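The structure under discussion appears below in the form of structure tokens.
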Amino acid sequence: MRMLTLLCVALTVPTVFSAPPKKEYFLFESSDGPPQLAVPIPIIGKQQQQKQLVEQAKSEDNDEKFKAVTEIRQMLENSRENNTDKQLIDEFVSAGVMDSLADCLSYDNRSRCELIRNAMGALAIIAPRKAEEILELHNLIDFLIYLLRNWSHNKDKENAASILRNIAHKLVNKAKSDDTDDKLEAVTKIREMLENSLKNYAMKDLSDEFISAGVLDLLVHYLSEDVSQPQLFENAMGALAIIAPQKAENIYNAKNNTEYLNFWLMNSADDKQLKNSAAFILKNIMSKLVEQAKSKAKDVKLEAVTKIRKALEDSQKHNTDERLIDEFVSSGVLAPLVECLSEDNASQPQLVENAMAALAIIAPRKAIDIFRIPPFYTVVYLKNWLKNTTDDQLLKNAASILKNIIANDCVHGLDYRVFSNLFDSRNTEVFEQAMWGAYHLIS
């Protein structure tokens, strides 16, 4: 009997004491009986973990900082794959992750490429949902613009561009607001960002992002004559002046562009900077149009010459044609316009019509320059159109140009062999009337 009892104890003891508990439970005392099992309590919650990572990312210890930022990026990437990124981003932002990432993305850390790479990757995931919060981190925006131009790693530059693109869209949307303060704040910020990109030689990259967001129509709209906020159109004009050297054609394609620019060129006498900005933008537009007017591609040439004509007509409405003509002529507009009048372009009546109309606007101020375009064929071209055209408007413009050439005494000094054949015109009556006034044609 004694041996049997010992055997039972030996078999029972290991079973009772060797098996580990499957879960950790917390006990509480009960006055009615033995201790009770409580609900399991996690040692650290998810939000607490995120908060600790955010704090760790601010650490002075570079290794600790790097580990934290790397884990933040990995968590965000995983959440994006699982379509749970919205909640995680909200939690991270409420824990203060923006300041931690901004701390990593600074000029002081330029030598720590992997840290910047992970911080940039994390921010690129956050940006589509939190662009406005990123805008509040002023030094961060400057550094992103710096990276856009000066960083060698393409993926990092793509992330920087992605972040700035989201910011650009956010600002453009904010600039469309009915709230005047929001509108002014957004346009001012757009100008500041463009100015900063100019300093960092990243203007083209940043302007591409803003243009894709639709900034040009918006900025040009704020140049309208009925704008009641001077600061708003000053910032809009300043932003356009920065974009103009790279994106003159895009600015021209914005609605009512030359109308508004010519208006401010004429009506901003008290504000020299505003007037100069308008002139600078127009000059860049003109240079681009002149370049395109020299194109061998017929459609490109026609579009450019049509736009040149419209810009000149707009300047006449606002009495800014003198300054605009000077800028156009200095940009080399006369040679391509005169070339459009040659017989080679007879199959393109619209091209000839627009070139002739543009020259007719320019002629009262620049007749000598038009006449002297090598190889002195301007008068020959005009004579041919006077002889052969049946279009009254074309005839009227050709006669007007010739009248200005003769009124400026351009004929003297011209080789007789070039000029003499003008008097062989079969339509001598029309030609003589055009040469010596053509009042019935240009009245």
Open item on the list: Just to be sure I understand the model, the point goes 7 Å from the Cα along the line to the Cβ. What's the resulting S224 to A407 distance in nm?
Closed with: 3.8
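What fraction, in whole percent, of alpha-carbon pairs in the range 152-216 exceed 13 Å separation? Don't jump to the answer; show the numbers that get you there.
Values: 1305 of 2080 pairs.
Value for the range 152-216: 63 percent of Cα pairs lie more than 13 Å apart.
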Open item on the list: If I model a spin label as a point 7 Å beyond the Cα along the Cα-Cβ vector, how far apart are those points for Q74 and K199 in nm?
Closed with: 3.8
- [ ] Based on other C-beta atoms within 10 Å, arrange T180, T70 from fewest to most.
- [x] T180, T70
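Working out 0.36 nm times the residue gap between N82 and K296, then minus their Cα-Cα distance, what length gain in nm do you get to one decimal? List each step's numbers first, then the result.
Values: separation 214, 0.36 × 214 = 77.04 nm, distance 5.35 nm.
Separation in residues times 0.36 nm, less the Cα-Cα distance, equals 71.7 nm.
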TODO: Please give the length that would be gained between R365 and S106 if that part of the chain were fully extended, namely 0.36 nm times their separation in residues minus their C-alpha to C-alpha distance (nm, one decimal).
DONE: 87.7 nm
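What FRET efficiency would be calculated for the residue pair N276, Q348, taking the C-beta separation as r and a Förster radius of 41 Å, to the nearest 0.05? Numbers along the way, then the final one.
Numbers: r = 37 Å, r/R0 = 0.91.
Working from the Cβ atoms, E equals 0.65.
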Task: All-pairs Cα distance distribution in the range 103-227, expressed in whole percent, bin size 5 Å - done: 2, 11, 22, 24, 19, 11, 6, 3, 2, 0, 0
Task: Kirkwood hydrodynamic radius over Cα pairs of the range 310-363, then Stokes diffusion coefficient at 37 °C and 0.692 mPa s, in µm²/s - done: 285
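The numbers here are math on the coordinates, done by the rules we state, and not lab data. Keep in mind that this is a model prediction, so the values were computed, not measured. Glycine gets a Cβ as well: all are built from the backbone with ideal geometry, and neighbour counts include every protein chain shown.
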